[in-house]
Amino acid sequence: MKFSISREALLRPLSLVAGVVERRQTLPVLSNVLIEVQDTQLALTGTDLEVELIGRIEPGQVDEPGSATVPARKLMDICKSLPEQAEISFALEEGRAILRSGRSRFTLSTLPVAEFPNIEDSQASQELTLPRGTLKQLIDATSFAMAQQDVRYYLNGMLLELGHNLVRTVATDGHRLAMCTRSAEVNVEPTQKLIVPRKGILELVRLLDGSDEPVELTLGSNHIRAHTGSFTFTSKLVDGKFPDYERVIPRGGDKVFIADRAELRQVLSRTSILSNEKYRGVRLNLEAGNLRVLANNPEQEEAEENVAIDYDGNALEIGFNVGYLIDVLNALDEDRMQMTLSDSNSSAIMEEPGGGDALYVVMPMRL
């Protein structure tokens, strides 16, 4: 195997592929990236057995096709540290990978290509195409609410629901729920509900931009595959049943106020400085035309802020984890936000005024 390529051409796909590779691995070969060279194409593959990413580029010159696996992090660090516009030549000599660039030379260890696992192709049940920007917006609007290491493993991911002219993402960690729905030219009958693991979602969104360029999705019984540009992304699906999110959304809240989103976010951020570091609770006192935000902590320190709001209903006092409220305000992109409440023990709904693509449910706290 022998080829040459410019530093810039190699760096972008390599940094995305290396992102999939875990630092601590049970199998040594999993910390490597698989490099495969043919006449006009260089493919880089990284995997952690749950998520696989393949990036393809055109090398400057191929003297000898072949394949090898080399340490992903070390290869990326070497490429990053080389000067801009550097030309890299790559060769396999006596079972080692030799990189040369200018007056630099690096020798990297390799592991047998035969040991490198690939996520097996499952039977594809459905194929569809979405604009990259649509899928990116759906993920960006909801991904913050995914659980991180919950024993309810099905919460450590995102529900992707595909139906007739509709795509929906839902994420919840049991304390809050984020849901975003977009219309799209897809027709999946019957409606498919897939749980994509947390890591799969975070790696997939790195491949997407806000454009109308297509991303092709292939849905299998236990995998989802996405082709976008020169990348092929595959993730195993979480085998489990996602909670019935419709039942979680509170209905019939009679106290609805509208506030300036940026101002409310700043107020909550300032108030949170003096909230209990462990529970991060703040109290919201709702009254006509005004929202009073209060926080205190075991050191007897207190914060109080007031925000002008559009509201003329009854007074209400309710507590929330301030981090959950700020996360929602960061995810909304309108200038104003609407919050619907019923009483101090019921979940609140946060959304754009009048409702938009996204809806957020936050459970209250006892303070």
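The values are calculated or read from the model by the stated rules, or taken from the named source; none is laboratory data. Just so it is clear, the structure is predicted and the values come from calculations on it, not from any experiment. Please note: Cβ atoms are built from the backbone with ideal geometry, for glycine as well, and neighbour counts cover all protein chains shown. These area figures cover heavy atoms from the full protein model, side chains too; ligands, DNA and RNA do not enter into them. Shrake-Rupley method; radii C 1.70, N 1.55, O 1.52, S 1.80 Å.
For segment 169-276, what is the relative contact order in percent, using Cα pairs closer than 8 Å and at least 6 residues apart in sequence?
Value for segment 169-276: 18 percent.
If you place +1 on the Cβ of every Lys and Arg and -1 on the Cβ of every Asp and Glu, how big does the dipole about the Cα centre of segment 56-99 come out, in debye to the nearest 20?
Using only the charged Cβ atoms, the result is roughly 320 debye.
Say R0 is 51 Å: what FRET efficiency, to the nearest 0.05, do Ser109 and Ala315 get from their beta-carbon distance? Please list the in-between numbers first.
Values: r = 69 Å, r/R0 = 1.34.
After rounding to 0.05, the efficiency reads 0.15.
In degrees, nearest 10, range 0 to 90: what is the angle between the Cα axis of helix 7-20 and the longest Cα principal axis of the chain?
60
In the structure displayed, which of Lys2/Lys74; Lys193/Lys255; Lys80/Lys193; Lys2/Lys236; Lys193/Lys278; Lys136/Lys255 lie more than 30 Å apart, Cα to Cα?
Values: Lys2/Lys74 19 Å; Lys193/Lys255 33 Å; Lys80/Lys193 40 Å; Lys2/Lys236 33 Å; Lys193/Lys278 35 Å; Lys136/Lys255 33 Å.
Long pairs (Cα-Cα over 30 Å): Lys193/Lys255; Lys80/Lys193; Lys2/Lys236; Lys193/Lys278; Lys136/Lys255.
Kindly state, to the nearest 0.05, the FRET efficiency for Arg100 paired with Gln192, given R0 = 51 Å and r defined as their beta-carbon distance.
Result of the calculation: an efficiency of 0.55.
When only C-alpha pairs under 8 Å and at least 6 residues apart count, what is the relative contact order of segment 138-220, in percent?
This gives 30 percent for segment 138-220.
Treating only the Cβ of Lys, Arg, Asp and Glu as charged (+1, +1, -1, -1), what charge dipole size does segment 23-161 show about its Cα centre? Round to the nearest 20 debye.
Working: 13 positive and 20 negative charges, 145 e Å.
Approximately 700 debye in magnitude.
Given a Förster radius of 35 Å and the C-beta distance between Asn306 and Arg251 as r, what FRET efficiency does 1/(1 + (r/R0)^6) yield to the nearest 0.05?
It comes to 0.70.
Contour minus end-to-end for Ser4 and Arg23, with contour as 0.36 nm per residue of separation and end-to-end as the Cα-Cα distance?
The Ser4-Arg23 span can extend by a further 4.1 nm.
Between Asn118 and Asn222, what is the spin-label point distance in nm, taking each point 7 Å from the Cα along the Cα→C-beta axis?
Output for this residue pair reads 1.9 nm.
Counting only C-alpha contacts under 8 Å and six or more residues apart, can you give the relative contact order of the chain as a whole percent?
On the way: 870 pairs, mean separation 47.3, N = 367.
Once divided by the residue count of the chain, the mean separation gives 13 percent.
Using a 1.4 angstrom probe and counting only protein chains, how large is the accessible area of Phe90 in Å², to 10?
Here the residue's solvent-accessible area equals roughly 10 Å².
Sticking with the crude label model, points 7 Å out along Cα→Cβ, report the distance from Arg292 to Leu202 in nm, one decimal please.
With each label placed 7 Å out from Cα toward Cβ, I get 4.1 nm.
Picking from Gly289, Gly313, Gly60, whose Cα lies most toward the positive end of the charge dipole for the chain (charges on Cβ: Lys, Arg +1; Asp, Glu -1)?
Gly60
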